[in-house]
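Let me begin by presenting the structure, written as structure tokens, before commenting on it.
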Amino acid sequence: MRVHDVHKSYRSRRVLRGVSFGLEPGTLAGVVGENGSGKSTLLRILVAMTVASAPIAGYATAVICWYWDPVRPGLLALGLFTATVAYGGIGILLGAFLRNELAALFVIIMASLLDTMLQNPMSNTGADKDGLQLLPGYGPTQVSVAAGFTSTDTPYGHLLLGPLWFLLMWGLGTAAFFARTRNHLRVPRSTQPTRRLT
């Protein structure tokens, strides 16, 4: 698992500033810090994204397995999971700019269709061009196709692209939200309660 440049604020108080770390499989780790330093917040963010993405990936894998027999369904589910994480991050970014959930859903659907069409050699004769590997669905697609058709040659490094997209979009969305709301967080001096010494 890799986490890169996580930030979080509660009103004007920053609790996470550029948190980054990586864990290799089988590694046991602990999060240590003072009270109020952001330990629970960091874990809540990671758990919320996992809890939201896992059922979607499970459902998509079940539907695919109903109609087809992929070679490695577990790896297929993992590839789909990283795609849902990537598009979840895009949803967070859109939440900072769009006021309507339906509009954000439409943008995410259209972006995922465009992402898929650009990677498909049937709809895009330039599907092997440089730059496509930067699309949010590229890594998950490569892993899912490998899982569906082969028992070897899996591009496992591509699994990191979905979480990287999530972290990038989450960081941009958080920054945009903070920039748009920072004036609302300050209380004018005239409305602040004053202390009287008696």
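The values are calculated or read from the model by the stated rules, or taken from the named source; none is laboratory data. Since the structure is predicted, the reported quantities are computational estimates derived from the model, not experimental observations. We place every Cβ from the backbone using ideal geometry, glycine too, and count neighbours over all the protein chains shown.
Looking at segment 35-48, can you tell me whether even one residue there is out of contact with any Pro (no Cβ under 7 Å at 6 or more places or on another chain), of a type in the set (A, V, I, L, M, F, W, C), at pLDDT 80 or above and part of a helix (DSSP H, G or I)? No, segment 35-48 contains no residue that is out of contact with any Pro (no Cβ under 7 Å at 6 or more places or on another chain), of a type in the set (A, V, I, L, M, F, W, C), at pLDDT 80 or above and part of a helix (DSSP H, G or I). Restricted to segment 175-190, and to residues there that are assigned to a helix (DSSP H, G or I), modelled with pLDDT under 80 and of a type outside the set (D, E, K, R), the residue that is surrounded by the fewest Cβ atoms within 10 Å (Cβ to Cβ) is 190. Of all residues in segment 42-62, those that are buried (at least 16 other Cβ atoms within 10 Å of the Cβ) and either in contact with a Cys (Cβ under 8 Å, 6 or more places away or on another chain) or closer than 22 Å to residue 174 by Cβ (or both) total 4.
Note on segment 63-164: enclosed helices (runs of 4 or more DSSP H) holding 2 or more residues that are buried (at least 16 other Cβ atoms within 10 Å of the Cβ) and touching a residue at least 40 places away in the same chain (Cβ under 8 Å) are 73-95, 138-149. Out of (1) exposed (fewer than 12 other Cβ atoms within 10 Å of the Cβ); (2) modelled with pLDDT of 60 or more, the odd one out for residue 172 is which? With respect to (1) exposed (fewer than 12 other Cβ atoms within 10 Å of the Cβ); (2) modelled with pLDDT of 60 or more, residue 172 is out only on (1). Just need a number here: residues in segment 117-144 that are farther than 17 Å from residue 61 by Cβ and β-branched (Val, Ile, Thr). Adding up the residues that qualify gives 1.
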